[in-house]
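Undergrad: I'd like to ask you about the structure that follows.
The values are calculated or read from the model by the stated rules, or taken from the named source; none is laboratory data. Keep in mind the model is a prediction, meaning the values are calculated, not measured. Cβ atoms come from the backbone with ideal geometry, glycine included; neighbour counts cover every protein chain shown. Heavy atoms of the whole protein, side chains included, go into the accessibility calculation; ligands, DNA and RNA do not. Shrake-Rupley method; radii C 1.70, N 1.55, O 1.52, S 1.80 Å.
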Amino acid sequence: ILLLEERMAMALTKRRLLQSSAMAVLLWASATNSSIRAAALADTVARTKPSIVLIGTYRATDSPRFRLLGTGFVVGEGTRVVTNAHVAGRADALEQDAQALVVQVPASNGIWSMQKVRVLEKNERHDLALLQMDGAAAPALKVTASSGVREGDDLAFTGFPIGGLLGFSPVTHRATVSSITTMALPSPTSQRLSARAIRSLRDAKIEIFQLDATAYPGNSGGPLFDPVSGEVLGVINMVLVKSTREFVLTKLSGIAYAIPSRYVLEMLERHP
């Protein structure tokens with residue numbers, strides 16, 4: 001009996017040692033994977049930053065001359081920019097001269113190169129706009145189909161949060177896809193909230209990504225991308241605020257939304 005008890009005790013000790021070793025291996029593997037993912041994101045950020053642009057208006061008599069409206073990113077052959085329709089639409093409200101809409105493209109040593117742009121398409125239903133730059137081409141991001149995105153996926157997005165308060169330096173945030181759902185995007189102006197418009201909104205729901213990330217108004221139009229490949233999977237378009245717009249910096253919900261890239265690809269196909 002004593003021998004049997006000793007064997008059972010030895011077996012139990014061995015099992016515990018094996019479990020401890022397995023747990024240590026899992027923890028090591030998890031830490032290693034986290035380090036690999038962090039390094040991959042760092043490399044991806046370095047690759048994508050040259051393609052992230054400032055979108056705003058310019059007038060020589062204004063102070064400041066350049067007024068930031070939002071974020072955009074270069075696509076295609078390097079002369080087209082994707083952003084939100086509501087970002088490009090702000091220029092209409094601020095300036096009568098359509099040529100006042102410009103983009104600032106990263107150059108070197110923190111210098112920005114300003115280029116005039118014209119609007120090729122403004123799709124308010126999907127809150128997307130496609131702009132054509134008049135100047136030299138810039139590095140472009142690859143837009144890929146968003147059909148493979150799943151709830152729980154870890155992604156990242158880059159933009160210019162809180163406008164120019166933090167300086168014109170692109171900022172990257174991690175984001176988990178909390179939900180893939182459908183919703184009707186609100187009308188940019190209250191004047192359009194007629195009974196007919198409300199009925200149209202009910203019938204015009206689109207797919208949208210809900211993210212557990214804090215985005216700010218300046219992030220609008222920025223790319224949501226795979227942290228390893230850098231491929232664009234969506235476009236940041238709004239953040240849920242707990243209170244009024246005046247409390248956007250202090251009453252953020254930690255929930256942001258992005259338009260899936262499938263709608264970006266459809267727009268690009270209309271402008272080959």
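Undergrad: Restricting attention to the range 103-146, which trypsin sites (Lys or Arg not before Pro) occupy a DSSP loop and are surrounded by at most 16 other Cβ atoms within 10 Å? Don't jump to the answer; show the numbers that get you there.
TA: On the way: sites: Lys116, Arg118, Lys122, Arg125, Lys142; in loops: Arg125, Lys142.
Answer in residue order: Arg125, Lys142.
Undergrad: Right, something else. When the chain is fully extended, how far beyond the present Cα-Cα distance does Ala39 get from Val228, taking 0.36 nm per residue of separation?
TA: On the way: separation 189, 0.36 × 189 = 68.04 nm, distance 0.90 nm.
My answer for the length gained is 67.1 nm.
Undergrad: Between Lys49 and Ser169, how many nm apart are label points set 7 Å from Cα along the C-beta direction?
TA: The answer from the label model is 0.8 nm.
Undergrad: Now for a different question. Protein chains only, probe 1.4 Å: how do Ser178, Ser261 rank by accessible area, largest first? Could the numbers behind the result be given before it?
TA: On the way: Ser178 55, Ser261 0 Å².
Largest accessible area first, the residues go Ser178, Ser261.
Undergrad: Starting from the residue with the highest accessible area, list Leu68, Leu101 in decreasing order, probe 1.4 Å.
TA: Values: Leu68 35, Leu101 10 Å².
Per-residue accessible area, sorted high to low, gives Leu68, Leu101.
Undergrad: In addition: Counting other Cβ atoms within 10 Å, which trypsin sites (Lys or Arg not before Pro) in the range 36-80 have at most 13 and lie in a DSSP loop? Provide the component values of the computation, followed by the final result.
TA: Working: sites: Arg37, Arg47, Arg59, Arg65, Arg67, Arg80; in loops: Arg59, Arg65.
Loop-located and lightly packed - Arg65.
Undergrad: Can you pull the accessible area of Met133 for me, 1.4 Å probe, Å² to the nearest 10?
TA: 10 Å²
Undergrad: With every protein chain present, what accessible area does Glu266 have (1.4 Å probe, heavy atoms only), rounded to the nearest 10 Å²?
TA: 70 Å²
Undergrad: How many nm is it between the label spots at Lys142 and Leu265, if each spot is 7 Å from the Cα in line with the beta carbon?
TA: With each label point 7 Å from Cα toward Cβ, the separation is 1.3 nm.
Undergrad: For Asp134 and Met183, what does the FRET efficiency come to when R0 = 45 Å and r is the distance between their Cβ atoms, rounded to the nearest 0.05?
TA: Values: r = 35 Å, r/R0 = 0.79.
About 0.80, to the nearest 0.05.
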